[in-house]
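As structure tokens, the structure follows; a few thoughts come after it.
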Amino acid sequence: MPSGILRLQALAIGFFLVGPAHALYTLGISGSSSSETAILNLTSPLFMACLAGVILRERVGPQRWLAILLSGLGAYWVSIGFRPPTLDGAHTAGNVTYLFGVLAESLAMILAMRIIRRSSGLGTLVWEVTGAGLATLILPQLLPGVLPLSVGAVTPLAVLSIAYLVLVAGVFCFSVWYIKAERAPITWMMLTLALQAPISAFIGWRFNGEHLGLNVLAGLALILVALTVATTHRPSPQAEQE
């Protein structure tokens, strides 16, 4: 577990960055659309790569930059298709708000990396989530008109959905992510996030009867190419530090 100043830093990252980032996501998506916020999500690896170079002194290199750009393009094809991006002018405020959320969470992960590598991934996650939880409880009290705290109908499906988000998306996925962050370069890890788009598309096709177009298959192929490019040369974090 982090101790002393590292513990306070992890708590502060959760309180001032992770919690507010998810509040910004909520506000942003309510004033935008799923397709537009999907475009904005694709900027996360680029933010991560730039911040890792500045803050962590992680050497990204041309090969990984190429992989980042290819994975972003592949995820874009899956989410949007082959057409150019169209951000509705009426959604400008929502898009800007959501983008600030992406930037805040990207910065949070980069700052957390310094604590993870001096303590542990799970220990850092415990204190970061504690800070984020406190922020999530406090923000609706400070901004009741903007972030109203409400409870919907308690149904079996609602309970099952929350249980999945907590146990699978929360405890399992974040724990694995932070454990891997102890050794893997963060810019390499970010490439795998592009797989979320085609996986979501396949799940929607299988269970919701959604259309699975050529863009999904082409995007998945490009993401796999990007991961192949990245994994052909993956130095250790120690070798990447100056």
Roughly to the nearest percent, how much of the accessible area of the chain is carbon and sulfur, given a 1.4 Å probe?
-> 70 percent
Ignoring ligands, DNA and RNA, what accessible area per residue does segment 124-191 give at 1.4 Å, in Å²?
-> 64 Å²
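First measure r as the distance between the Cβ atoms of Thr92 and Leu143, then evaluate 1/(1 + (r/R0)^6) with R0 = 22 Å and state the FRET efficiency to the nearest 0.05.
With a Förster radius of 22 Å, E is 0.60.
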Dividing the Cα convex hull volume of the chain by residue count, how many Å³ per residue is that?
-> 143 Å³
Taking all protein chains together and a probe of 1.4 Å, list Trp205, Trp188 from the most accessible to the least accessible.
-> Trp205, Trp188
Please work out the average accessible area per residue across segment 1-58, using the 1.4 Å probe convention, and give it in Å².
-> 45 Å²
May I ask you to list, by number, the DSSP H helices of the chain whose Cα span along the axis is at least 30 Å and whose average Kyte-Doolittle hydropathy reaches 0.5 or more?
-> 92-116, 121-142
Do the sum for the chain: with -39,500 (n - 2.57) for every DSSP H run of n ≥ 4, divided by all residues, what is the mean residue ellipticity at 222 nm, to the nearest 500 deg cm²/dmol?
-> -21000 deg cm²/dmol
Segment 122-224: trypsin sites (Lys or Arg not before Pro) in DSSP coil with no more than 16 other Cβ atoms inside 10 Å | Arg183
So for segment 147-203, using the alpha carbon gyration tensor with a ≥ b ≥ c as root eigenvalues (a/c under 1.5 gives rounded; past that, a/b versus b/c decides prolate or oblate), I'd call it prolate
Where a ≥ b ≥ c are the square roots of the eigenvalues of the C-alpha gyration tensor, would you call segment 63-172 rounded, which needs a/c under 1.5, or, failing that, prolate if a/b is larger than b/c, or oblate?
-> oblate
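The values are calculated or read from the model by the stated rules, or taken from the named source; none is laboratory data. The structure presented is a predicted model; accordingly, all values stated were derived computationally and were not measured. For neighbour counting, all protein chains shown are included, and Cβ atoms are generated from backbone atoms with ideal geometry for every residue, glycine included. SASA here: full protein model, heavy atoms, side chains in, ligands and nucleic acids out. Shrake-Rupley method; radii C 1.70, N 1.55, O 1.52, S 1.80 Å.
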